[in-house]
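The values are calculated or read from the model by the stated rules, or taken from the named source; none is laboratory data. Keep in mind that this is a model prediction, so the values were computed, not measured. Cβ sites come from the backbone with ideal geometry, for glycine too, and all protein chains shown count toward neighbours.
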Amino acid sequence: MKKRILLALSLVLALCLCSSCAYLPFAGLTDMLGMVSPAEVADHGDTVTIPKELYEKYQQFDKLIEIQEIAEMYFFEEVDPEAMLDGAALGLLSGLNDPYTFYYSPEDYATLWEDDKGEYAGVGMQISGNYATGICTISRVFDNGPAKEAGVHKGDILYKVEDLYVDAYNLQDAVDIMRGTPGTDVNVTFLRNGEEISFVLTRAQITVNQVDAMMLDEGIGYIALYEFAGDCATKFETALNSVVQQGAKGVIIDLRDNPGGWVNDAETIGDMFLDKGTLCYLEYKDGTREYYRTKDGKVDVELVILVNENSASSSEILSGALKDRAGATIVGVQSYGKGVVQSVLPIGTDGSGMQVTIGQYYTPNGNKMHKIGLTPDVEIELPEGDNGMYEFGDLSDPQLKKALEVMQEKLAK
C-alpha cells in the first residue's frame, strides 16, 4: 500500500503539491463502505428494489437532493449538476474537520499525479505564499527552466503575472496563468531589493530537480532533498554514491522546507543508511500497526540532518528514524509536526479521487511526531529578518554553516 504524507506549504509552477499519502486501489465505494453489492439490487423495469439498510443510508442525503432541486428551480442561471456534486463532495469531507482529508475533482486528481512526477509545462519556479503578509516569495528556481535562464533568483518576490497583482490569496490564479503551452510567452514581474524587474518568460516542459548534491569540505558531502516525490529516491541514491566516491565520510542531509511526500520514498532512502529494522510504524484507530522496515546493507557514514519549521511528514519520518537508529545529529529548529498519514484513492468512474487521513506514525523508538515535531540536537535559528533564501551550498547560510561545524566535530572524534 503506497502512502504519502506531505504538508502543502508551497506552490510549484505549476503547483507541485503533495501530502504524505497512500494509494489504495479500492474496487469502489460500495466495497469500501461495506454496502451492498450491485448483485443485491433487484431491477424491476421502471423500479428498483434495494435492501432497507441501503435505503436508510440514501435517506441521509435527502437534504442535499432538496437543495439541488431548489437550485435547479430558482437559481438565476443555468445549473451545472456535476459542479454542484463536486462541491457537495468537498463539503462532505470538510465535515471531518481535517485539513489533510479532501476531495479531488477529476481535473485536480489528474494534476496530482502529473505534479508528483515533477513534470509540467510552465516557467520553472517554486513559490511560497505567506498568508500573514500576503507576500509570495520564490523559494526555488528549477535548473534549465525559463525562469532560471532569464535570471530569476531565489528570494525574489512574485509581484505581477500579466495584469494580475499577486498575493498569497490569488497565488493559484497566478500559477494557472503561468502554466500553459510550451513555446508561448507570459509576462512576469518580480520585486528584488524593492525594485520591479520584469521578464517575458517562454513556457517550457519542466522537469523538477528533487535533489542537489555537492562536496562542502574534504570528507563531507551535502545533499538537499526537496520533496519525497517522483524519482527522488533514485536521484538521492545517485547523489549519495557520488559524494561517497568523492571521499565523503560524513553526509549532511538538508530537509529544510521539505513538506514530505511518499512514505515509500522515505523508506527507500532510510534503507541506504540503516541495517535491518524499523523505519517507522503507523497506528490505526483500531490500535493495529503497520511497520515500515529497512534491510541490511547500509552505507557507513556519519549523518547530520538539517530541519526547520517547514520540514514535515516524510521529512520527519526519515529524520526520526536516522536519529533513533543511525546516530544522526539534527540541526536547525523544531520541525512542523505532521505525524498523520493519508491514503489517496480513486472515487467513482469519472476520474475523481480523494485523500483521507488513516493513522499516525511513530519513530522506531516510539516517539510521536504529530503536533509535536522533531526537536533538534543543535538548535540554531536564522537571524531576525533573514528569509533563508540562500543559494545551494552557500556557507553564509548560518544553519548550513553550523551543520558543517557539527559534522567536522563528529568526524574529528
Subject >> Any hit, the range 247-260, residues being over 20 Å from the mean Cα position of the chain (by Cα), within 19 Å of E391 (Cα to Cα) and assigned by TED's automatic domain parsing to the domain that holds V304 >> reply: yes
**OP:** For the range 204-216, state whether one or more residues are under 25 Å from Q126 (Cβ atoms) and assigned to a helix (DSSP H, G or I).
**Re:** no
**OP:** Could you figure out which of (1) closer than 15 Å to V152 by Cα; (2) outside the structural domain of L158 (by TED's automatic domain parsing); (3) of a type in the set (D, E, K, R) isn't true of E218?
**Re:** (1)
Original post:
If a residue has to be part of a loop (DSSP other than H, G, I, E, B) and over 24 Å from W113 (Cα atoms) to count, how many in the range 257-271 make the cut?
Top reply: 0
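Being part of a loop (DSSP other than H, G, I, E, B) and within 30 Å of K401 (Cβ to Cβ) is the filter here; which residues of the range 285-309 pass it?
The first filter runs over the range 285-309 and keeps only residues part of a loop (DSSP other than H, G, I, E, B), leaving 285-288, 295-301, 308-309.
Matches in the range 285-309: K298, V299, D300, V301, N308, E309.
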**OP:** Taking only the range 317-337 into account, find how many residues are touching a Phe, Trp or Tyr at 6+ places or on another chain (Cβ under 7 Å) and crowded, with 24+ Cβ neighbours inside 10 Å.
**Re:** 2
Original post:
Pairs, please: C-beta under 8 Å, at least 6 apart or cross-chain, first residue basic (K, R) and in the range 315-333, second crowded, with 24+ Cβ neighbours inside 10 Å?
Top reply: K323/I305; K323/I330; K323/L374; R325/L274
**OP:** Working only within the range 195-238, note down all residues that are touching an Asp or Glu at 6+ places or on another chain (Cβ under 7 Å) and of a type in the set (G, A, S).
**Re:** A224, A229, G230, A233
Original post:
Is at least one residue of the range 342-365 at pLDDT 95 or above, surrounded by fewer than 18 Cβ atoms within 10 Å (Cβ to Cβ) and part of a loop (DSSP other than H, G, I, E, B)?
Top reply: yes
Subject >> Residues within the range 207-228 that are polar (S, T, N, Q) and over 20 Å from S315 (Cβ atoms), tallied >> reply: 1
**OP:** Go through (1) among the hydrophobic types (A, V, I, L, M, F, W, C); (2) under 18 Å from V244 (Cβ atoms); (3) part of a loop (DSSP other than H, G, I, E, B) one by one and return the number of the condition A312 breaks.
**Re:** (2)
Original post:
Here are Y165, Y159: which of them is surrounded by fewer than 17 Cβ atoms within 10 Å (Cβ to Cβ), more than 22 Å from G393 (Cβ to Cβ) and at pLDDT 95 or above?
Top reply: Y165
Original post:
Of the numbered conditions (1) in contact with a strand residue (DSSP E or B) (Cβ under 8 Å, 6 or more places away or on another chain); (2) assigned to a loop (DSSP other than H, G, I, E, B); (3) closer than 18 Å to N310 by Cα, Y336 satisfies every one except a single condition; which is it?
Top reply: (1)
**OP:** Of the numbered conditions (1) under 18 Å from the mean Cα position of the chain (by Cα); (2) of a type in the set (S, T, Y); (3) assigned to a loop (DSSP other than H, G, I, E, B), T375 fails exactly one; give the number of that condition.
**Re:** (1)
Original post:
Residues of the range 272-284 being surrounded by fewer than 24 Cβ atoms within 10 Å (Cβ to Cβ) and part of a loop (DSSP other than H, G, I, E, B), which ones?
Top reply: M272, F273, D275, K276, Y284
